[in-house]
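Colleague: Okay, handing you the structure first.
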Amino acid sequence: MAAADLSMAPWQRPSDTYLVQLGIDALVAGVEAPSLPLLAGLARGEHPQAREMFDLVLEELGLLPLTSEDLAKARWTAARWWATQIVARQLDPIHGAKLIHEEAAAELDYPDALQPIVDLARRIDLLNDQPLEQQHFDEVTSAARDLLAADAYRNSSL
């Protein structure tokens with residue numbers, strides 16, 4: 001998704017610092033590419049090299065050239081990964097719901113499968129600064145579990 005964002009208008013592109021953080025996150029997640037440790041290890045003064053290094057990592061992972069089909073697949077993969085992290089209690093459910101809503105569902109034109117999580121994220125946003133109750137966390141976790149169960153069912157019935 002960050003690769004797609006690099007093709008946007010300059011003010012919408014991810015920052016060099018963000019690209020370095022993506023490199024660190026990818027390493028932690030077990031992604032393997034020869035240039036990935038170099039990207040993740042860039043010192044603050046070397047951040048201007050991040051875009052070039054990020055492009056090299058994308059090339060090594062076979063993610064270039066990007067097509068709209070690749071981007072959609074990447075957004076679905078990210079949504080499923082965030083849902084898995086929510087269910088495993090590795091990602092705050094509210095933050096995860098917002099990520100799924102903003103980074104996946106919105107870009108995929110709000111597919112039905114993601115709509116329950118989108119609805120919860122929107123409802124939580126309407127609460128503004130009101131304290132969140134355990135029920136909100138539980139509802140998001142349940143919706144994430146349902147998304148993963150539906151995926152498992154679709155995959156097993158193929």
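The values are calculated or read from the model by the stated rules, or taken from the named source; none is laboratory data. All values reported here derive from a predicted model rather than from experimental measurement. Glycine gets a Cβ as well: all are built from the backbone with ideal geometry, and neighbour counts include every protein chain shown. The accessibility values were calculated without ligands, DNA or RNA, using every heavy atom of the protein model including side chains. Shrake-Rupley method; radii C 1.70, N 1.55, O 1.52, S 1.80 Å.
Colleague: Give me the 1.4 Å probe accessible area per residue for the chain, excluding ligands and nucleic acids, in Å². Walk me through the numbers before you get to the answer.
Modeller: Numbers: 9790 Å² over 158 residues.
Per residue, the chain has an accessible area of 62 Å².
Colleague: Which entry in (1) 0.94; (2) 1.00; (3) 1.12 is this structure's computed Rg/Rh (Cα atoms, Kirkwood Rh)?
Modeller: The value computed from this structure is option (2).
Colleague: Could you order the peptides 70-79, 22-31 from most to least packed, using the average number of other C-beta atoms within 10 Å per residue?
Modeller: Per-residue mean Cβ counts within 10 Å order the peptides as 70-79, 22-31.
Colleague: So, one more: Is there a quick way to get the dipole size of the chain? I mean about its Cα centre, with the Cβ of Lys and Arg at +1 and of Asp and Glu at -1; what is the value in debye to the nearest 20? Working shown, then result.
Modeller: Numbers: 12 positive and 25 negative charges, 37 e Å.
Charge dipole, the chain, about its Cα centre: 180 debye, nearest 20.
Colleague: Something else: Over segment 39-153, with every protein chain in place, what whole percent of the accessible area is carbon and sulfur at 1.4 Å, could you tell me?
Modeller: Values: 3570 of 6950 Å².
Ligands and nucleic acids excluded, carbon and sulfur give 51 percent.
Colleague: What list of ³J(HN,Hα) values in whole Hz, one per residue of segment 105-120 in order, does the Karplus curve 6.51 cos²θ - 1.76 cosθ + 1.60 (θ = phi - 60°) give from phi, with Gly and Pro shown as x?
Modeller: With the stated coefficients, segment 105-120 comes to 4, 4, 6, 9, 6, 6, x, 4, 4, 9, 4, x, 6, 4, 4, 5 Hz.
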